[in-house]
Amino acid sequence: MERLTPPAGLVEGGEGTKPPGCVEVLVNATLLRAGPFKCTFMSTSKNLDPGPLRTRTQRTSISCKCITITVGAILALVGYVVFVLLAWELYWNVREPHHWMYAGKGAEEVQDWSTIVRPLVDRNQKFDVVATVWARKDGENGETYGIFTRLPVDDPIFSGVVFRGVTFLDEHVHTKVDLTIPLKAFRDSRVLDNWHLRASFTLVPQAPSLLRYMKQFTTWLPPAYLSTFPPVSPGHDNPRDFFADSYGVTVPLIDFHPIKSSCGKSFEEHTEEHVADTAGRESIFVTTDGKSPLAYHPYVITRTDLRVVRMERLYNREAYTRHQYNLQLVTADFNGCPDYAGDGRKCHRTFRSRANCETEIELEIPDEKTGLNVTQFAYAPYLHVNRLSRGPLDLVPVPLNREGCPDNPIIEDHLNVTWNIAYSGSTAEKLELSDFVASYSEFNVTDTDFKKAEAQVVAQNTARFHGHKFSSQAHSGRNFIAILLRSVFI
């Protein structure tokens with residue numbers, strides 16, 4: 001093999017030296033030299049080799065990207081953890097709003113039952129629900145309850161057991177009651193209020209129950225309101241009647257909404273007043289004082305959603321007693337009652353504020369070992385009615401001529417309606433959800449029949465979302481899918 005000898009003048013490792021006749025060609029920053037003889041030469045000049053510089057730039061760019069991604073991932077993880085903690089705290093406060101009162105132990109761990117407040121009704125206890133409907137008494141302006149407020153007198157027009165043998169675990173139990181409502185008090189009253197017609201509910205445990213051991217009971221009622229709540233049950237022949245009233249619930253069955261004039265007057269002038277005062281119509285106590293008869297017309301509510309909170313926790317009696325005592329202090333922020341002169345109708349009642357502290361029962365239970373009576377305590381269940389779980393088709397206008405139209409006298413003495421009642425056992429969080437969702441229900445009762453039917457479907461689907469069925473045959477999920485498909489494809 002022929003060995004090539006570098007021409008004279010070429011020094012290995014030299015820089016910028018070339019043999020005679022060689023041609024320099026720069027290709028991709030590489031210097032090639034060629035001539036009439038076989039000659040290949042690669043320059044080792046540093047200023048023509050950018051390799052190391054390019055490597056440092058790439059490493060710097062990659063390092064910046066890694067740092068950015070790492071910091072971003074850490075921030076995202078921290079944000080996610082904070083979100084989860086806040087969401088869990090919110091859920092826990094809604095699900096267990098009174099966790100600070102819990103005993104933190106089960107029944108099998110209790111050594112001294114006098115330090116515990118147990119539930120009067122648990123999931124195995126059957127009970128009856130008694131309903132009473134009250135109408136304002138004819139010709140009665142009112143009578144004195146206590147020393148602060150003069151309340152009107154109501155007469156019961158219906159009273160009876162509407163749900164028999166139900167439990168905490170029952171849901172969507174329905175019944176209907178036919179009511180005949182006298183209208184004389186509506187015609188004779190210059191000012192109407194939504195308590196002209198009201199309903200009350202009490203819960204009566206079936207035997208056997210802890211009630212057979214009841215010695216006495218205490219309630220949350222503030223002294224200023226002691227006699228200012230309307231009665232819940234008709235007649236009080238024994239102490240058990242007062243006991244049932246202490247944790248019963250009573251709600252108005254009248255809503256005020258606009259109505260079209262029967263005198264041929266224009267309805268448009270009342271539209272602005274209707275829109276501006278929607279919140280006032282949904283208050284716990286509403287009157288027509290100073291309101292237009294067309295803008296505030298009484299409607300009978302024919303649908304009621306009754307719930308009982310499924311509470312079986314054991315309360316620490318010291319914390320329980322302290323909370324019940326605090327409820328007796330007349331502070332609107334705490335117990336929902338106005339700070340001024342007592343009127344029980346104006347108290348806003350919520351499970352979050354009251355808990356199961358409305359009524360505590362003292363029991364005398366014989367000890368299984370000694371046979372001697374041992375003092376124990378129990379709390380009454382919490383009953384709740386969502387007044388806004390209704391649609392426009394559940395409101396029946398009271399036939400009144402409040403405008404005084406001479407050509408359209410209304411002489412009806414009674415109004416016949418069918419009252420739809422639903423019962424469900426409910427968790428605390430579902431109860432709060434129902435009040436929150438239902439508070440945004442708005443509809444126009446003077447709209448066309450087609451529009452009111454559409455609004456009724458919306459109200460039905462909304463109620464089903466928070467756990468209330470309008471009927472046992474209602475399928476709100478199917479209706480919602482049908483409405484969704486219709487809106488998309490039609």
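Sort the stretch 293-444 into rounded, prolate or oblate with this rule: let a ≥ b ≥ c be the square roots of the eigenvalues of the Cα gyration tensor; rounded if a/c is under 1.5, and if a/c is not under 1.5, prolate when a/b is larger than b/c, oblate otherwise.
Numbers: a/c = 2.52, a/b = 2.26, b/c = 1.12.
The shape class here is prolate.
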What is the set of long-range amide H partners of PHE163 at a cut-off below 5 Å, with H atoms built 1.01 Å from backbone N?
VAL129
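Whenever you get a sec, line up THR132, THR375 from highest to lowest accessible area (probe 1.4 Å, protein heavy atoms). Don't jump to the answer; show the numbers that get you there.
Numbers: THR132 5, THR375 45 Å².
Largest accessible area first, the residues go THR375, THR132.
Tally Lys/Arg at +1 and Asp/Glu at -1 over every other residue whose Cβ is under 9 Å from the Cβ of ALA380; what's the total?
On the way: positive: none; negative: GLU358, GLU360.
For residues surrounding ALA380, the net value is -2.
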Enter the Cα centre distance for the pair the stretch 201-260 and the stretch 60-116, rounded to the nearest angstrom.
40
With every protein chain left in place, what is the accessible area of ASP289 in Å² (1.4 Å probe, nearest 10)?
90
In terms of modelled amide H atoms, which long-range or inter-chain residues lie less than 5 Å from the amide H of TYR102?
ASN316
The stretch 192-235: radius of gyration and largest Cα-Cα distance (Dmax), Å:
14.7, 44
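Once a ≥ b ≥ c are taken as the square roots of the eigenvalues of the Cα gyration tensor of the stretch 81-207, is the result rounded (a/c under 1.5), prolate (a/b larger than b/c) or oblate (a/b not larger than b/c)? Don't jump to the answer; show the numbers that get you there.
Working: a/c = 2.23, a/b = 1.87, b/c = 1.19.
In terms of gyration-tensor shape, prolate.
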I'd like the Karplus ³J(HN,Hα) series for the stretch 78-89: coefficients 6.51, -1.76, 1.60, θ = phi - 60°, whole numbers in Hz, and an x wherever there's a Gly or Pro.
4, x, 5, 5, 4, 4, 5, 5, 5, 5, 5, 4
By the scheme Lys and Arg +1, Asp and Glu -1, what is the net charge of all other residues having a beta-carbon under 14 Å from that of LEU314?
-4
Sequence-distant residues sharing a close amide H with ASN401 (under 5 Å, placed H)
ILE410
Can you give me the solvent accessible area of ASP413 with a 1.4 Å probe, rounded to the nearest 10 Å²?
90
Calculate one ³J(HN,Hα) per residue across the stretch 358-374 by plugging θ = phi - 60° into the Karplus curve 6.51 cos²θ - 1.76 cosθ + 1.60, and present them in order as whole Hz with x for glycine and proline.
5, 9, 10, 10, 8, 10, 10, 10, x, 6, 5, 8, 9, x, 7, 6, 10
With a 25 Å threshold on alpha-carbon distance, the violating pairs from LYS291/LYS430; LYS126/LYS176; LYS176/LYS291 are LYS291/LYS430; LYS176/LYS291
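The values are calculated or read from the model by the stated rules, or taken from the named source; none is laboratory data. The structure displayed is predicted, hence computed values, not measured ones. Here Cβ is always computed from backbone atoms with ideal geometry, including for glycine, and neighbour counts include all displayed protein chains. Note: areas computed on protein heavy atoms with side chains; ligands, DNA, RNA excluded. Shrake-Rupley method; radii C 1.70, N 1.55, O 1.52, S 1.80 Å.
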